[in-house]
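So the structure is just underneath, and the comments pick up after that.
The values are calculated or read from the model by the stated rules, or taken from the named source; none is laboratory data. Remember, it's a predicted structure, so these values are computed and weren't measured experimentally. Counting neighbours? That spans all protein chains shown, and the Cβs are built from the backbone with ideal geometry, glycine included.
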Amino acid sequence: MQKGGAVEPAHLEMMPIELATKKLFFRTSLSHKNKEEINMYNCAVRFGELTDWPLRTLILSPDLDGTNADGEETSLEDAQEALSHTAGIILNYLIDNNIPHNILVADEGMTLYIIPRKFDLLIENVSFFTSFETLCGFVKFKTQDAYDKVDIATLNQQLKDFVSLTDVDFDRMKQELVEKFLKEYEGTVMN
């Protein structure tokens with residue numbers, strides 16, 4: 001067992017969250033539907049989810065592949081502003097709906113992994129701490145015995161069953177967020 005209770009067994013090969021497979025499900029230009037409104041952002045934002053991670057996870061990143069409304073390349077400053085605005089809307093939604101969550105900022109601030117989860121007080125029967133590190137792939141176990149007995153399949157199942165939002169709750173959250181953005185901004189739902 002490593003000092004501080006953090007243990008990652010050699011027989012556990014849980015990858016970092018950044019390497020999980022991503023699937024795009026929505027893109028918003030952040031251009032107002034009401035043409036009388038002033039558009040404040042010159043960069044679209046992509047919404048995705050992880051498909052092979054035990055915790056249902058929302059991913060946000062600016063769409064740097066295109067050009068802005070003026071036909072110019074999007075600047076990093078524009079991208080960061082659009083991403084920050086979008087993240088603020090989503091985090092306010094999570095707080096307003098009393099959904100606990102963790103956030104990982106990656107790719108020099110250009111990708112956000114938002115992990116909605118169950119409340120810690122409701123998480124029982126797991127052999128690991130439900131801290132940020134564990135949710136992102138660096139597992140911290142509660143005891144040496146838990147460390148010695150763990151296998152990746154059991155760990156993944158416990159994360160899915162006891163920590164992650166259910167598929168129904170996550171899909172409802174996604175739908176409500178898409179509807180929230182489409183009410184005000186132009187956007188495209190991906191299949």
Scan the range 167-188 for residues that are surrounded by 15 or more Cβ atoms within 10 Å (Cβ to Cβ) and not in a helix (DSSP H, G or I) and jot them down. 185, 186, 187
Of the residues in the range 12-33 that are loosely packed, with under 14 Cβ neighbours inside 10 Å and touching a helix residue (DSSP H, G or I) at 6+ places or on another chain (Cβ under 8 Å), the one that is modelled with the lowest pLDDT is 13
Across the range 134-190, what is the total count of residues that are under 20 Å from residue 24 (Cβ atoms), without any contact (Cβ under 8 Å) to a residue 12 or more places away in the chain and among the charged types (D, E, K, R)? 3
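With the condition kept exactly as written, say whether any residue in the range 146-153 is farther than 15 Å from residue 57 by Cβ, within 19 Å of the chain's Cα centre (by Cα) and outside any helix (DSSP H, G or I).
no
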Can you spot a residue in the range 164-179 that is more than 30 Å from residue 40 (Cα to Cα), at pLDDT 90 or above and touching a Leu at 6+ places or on another chain (Cβ under 6 Å)? yes
Of the numbered conditions (1) hydrophobic (A, V, I, L, M, F, W, C); (2) surrounded by 15 or more Cβ atoms within 10 Å (Cβ to Cβ); (3) within 23 Å of residue 52 (Cα to Cα), residue 82 fails exactly one; give the number of that condition. (3)
The range 98-108, residues that are outside any helix (DSSP H, G or I) and touching a residue at least 24 places away in the same chain (Cβ under 8 Å): 99, 102, 104, 106
Kindly evaluate residue 52 against the criterion of being more than 14 Å from the chain's Cα centre (by Cα) and at pLDDT 80 or above. no
Unique match (being at pLDDT below 85, within 15 Å of residue 57 (Cα to Cα) and of a type in the set (D, E, K, R)) among 73, 124, 133: 133
Closer than 24 Å to residue 107 by Cβ and modelled with pLDDT under 90: is that true of residue 1 in this structure? no
If a residue has to be over 27 Å from residue 78 (Cα atoms) and part of a loop (DSSP other than H, G, I, E, B) to count, how many in the range 109-132 make the cut? 10
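Let's see how each residue does on (1) closer than 17 Å to residue 18 by Cα; (2) surrounded by 13 or more Cβ atoms within 10 Å (Cβ to Cβ); (3) of a type outside the set (S, T, N, Q):
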residue	(1), (2), (3)
78	no, yes, yes
108	yes, no, yes
111	yes, yes, no
117	no, yes, yes
129	no, yes, yes
133	yes, yes, yes
147	no, yes, yes
162	no, yes, yes
165	no, yes, yes
The lone exception for residue 86 - which of (1) farther than 30 Å from residue 153 by Cβ; (2) without any contact (Cβ under 8 Å) to a residue 40 or more places away in the chain; (3) out of contact with any Ser or Thr (no Cβ under 6 Å at 6 or more places or on another chain); (4) not in a loop (DSSP other than H, G, I, E, B) it fails: (2)
Pairs where the first residue, in the range 25-36, is in a loop (DSSP other than H, G, I, E, B) and the second is at pLDDT 90 or above and surrounded by fewer than 19 Cβ atoms within 10 Å (Cβ to Cβ), C-beta under 9 Å, 6+ apart: 33/182; 33/183; 33/184; 33/186; 34/184
